[in-house]
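**Q** I have a structure I would like to understand better, so I am pasting it below and will then ask my questions one at a time.
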Amino acid sequence: MRKPLVMGNWKLNGTKDSVKALVTALLDSANKASPKADVAVCAPAVFIGMVENLAQGSSLKWGSEDCDIHTQGAYTGENSPVMLREFGCTYAIVGHSERRDYHKESSEYVAQKYKCAQENGLIPVLCVGESEKEFDEGKTMDVIREELKAVIDLCGIKSFEKAVIAYEPIWAIGTGKTATPEIAQKVHSDIRAYLASFDADVASKVQILYGGSCNAKTAPALFAQPDIDGGLVGGASLKAPDFSAIIEAAVANA
Ligand code: PEP
C-alpha cells in the first residue's frame with residue numbers, strides 16, 4: 001500500500017513573515033494527516049533553516065527545490081545535498097520543468113542531481129512531463145521514458161525504492177489547466193508499466209505524484225485515481241487553507 005504524499009513547491013516566493021505564518025498554520029494539518037498521508041514543503045534554500053526551526057518535532061517534512069551534483073567545492077551559488085541534510089531536509093526536487101527549461105538541465109544532468117541527492121541521504125523527487133506541443137503530438141510517454149531512462153541508466157531501477165516521481169505536464173503548471181483525472185491516471189499507469197518492464201516490485205511501490213494546477217477543487221478527483229499517490233503543488237501550496245484542503249483530499253483517499 002502506497003502512502004499518499006502532498007508536497008508544496010514554493011518556487012521563488014516567500015518572506016520571513018509569510019514563511020512563519022504558512023508553516024505555523026500547516027503544522028496542525030500535517031500532524032493530523034500523518035497516520036494516513038505525508039506532508040512536505042519544498043522551500044527556497046534561504047528559508048530552509050527557518051522551516052527546520054518551525055517544523056522540528058512535527059509531522060511536517062521539508063525539502064529543497066533543487067540541489068547540486070557536488071557535495072562541496074568551487075561551485076558558486078549551488079546548494080549541496082550534504083548541507084541540505086544538515087538542515088533536516090528529507091526531499092530534494094530534481095528536474096523540475098522550470099529548471100530543465102530556464103537552466104537548460106538535460107536529463108543526464110538531472111540524473112546526476114538525483115544520484116547525488118540520494119547518495120547523501122535525501123529522497124529525490126524526480127519531475128517528468130511533456131510540453132503542450134508534445135502532448136498534442138501524442139509524445140507524452142516518449143518524453144517521460146527518456147527522462148526516466150537517464151536515471152535508470154545512471155542509478156539503476158532499484159534506486160526508485162528511495163525516490164518519488166512527480167508527473168507534471170508542463171502545459172498544466174501554473175496555467176490553471178489541470179490534466180483531467182483520466183489523462184493523469186493514464187500517464188501515471190503508463191509510467192508504472194514502464195518501470196515494471198525493469199522491475200515490477202519497484203514499480204508497484206514507488207509514489208507517483210501529480211503536479212500541475214492541482215488545487216482544492218481538482219485534488220479530490222485526481223487523488224481518487226488508483227495510480228496517483230498525492231500531489232506536487234505550486235501556487236496552491238502558498239495559502240494554508242488551500243494547501244490544507246489538498247492534504248485533506250489525500251487523507252480522504254488514503
Ligand atoms: C509546480 O510547479 O511544481 C506546480 C505543480 O505548480 P502549480 O501547482 O502552480 O501548477
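Every number here is computed from the coordinates shown, using simple stated rules; none is lab data. Every value quoted in this text rests on a predicted model; they were computed, and no experiment measured them. Cβ placement follows ideal geometry from the backbone for every residue including glycine, while neighbour counts extend to all protein chains displayed.
**Q** Using a simple spin-label model with points 7 Å from Cα along the Cα→Cβ vector, what separation in nm is obtained for ALA25 and ARG2?
**A** Reported label-point gap for ALA25 and ARG2 is 3.0 nm.
**Q** My understanding is that a pair violates if its Cα-Cα distance is over 24 Å; which of LYS3/LYS104; LYS61/LYS113; LYS32/LYS115 do that in this structure?
**A** Flagged as over cut-off: LYS3/LYS104; LYS32/LYS115.
**Q** Using only the Cα atoms of the chain, build the gyration tensor, take square roots of its eigenvalues as a ≥ b ≥ c, and label the shape rounded, prolate or oblate: rounded if a/c is under 1.5, else prolate if a/b is larger than b/c, else oblate.
**A** Rounded is the answer for the chain, as its axis ratio a/c remains below 1.5.
**Q** So how far, in whole Å, is the C-alpha centre of region 1-80 from the one of region 162-220?
**A** 21 Å
**Q** Residues with amide H under 5 Å of ASP38's amide H, sequence separation 5 or more or different chain, H placed in the peptide plane at 1.01 Å from N; which?
**A** It is LEU5, VAL6, by chain and number.
**Q** Take the Cβ-Cβ distance between LYS104 and ALA193 as r, set R0 to 22 Å, and report the resulting FRET efficiency rounded to the nearest 0.05.
**A** Efficiency computed from Cβ-Cβ geometry: 0.15.
**Q** Add -39500 (n - 2.57) for each DSSP H run of 4 or more in the chain, then divide by its residues: what number comes out at 222 nm, to the nearest 500 deg cm²/dmol?
**A** -13500 deg cm²/dmol
**Q** Between ASP153 and HIS70, what is the label-to-label distance in nm when each label sits 7 Å out along the Cα-to-Cβ direction?
**A** The two pseudo-label positions are separated by 2.4 nm.
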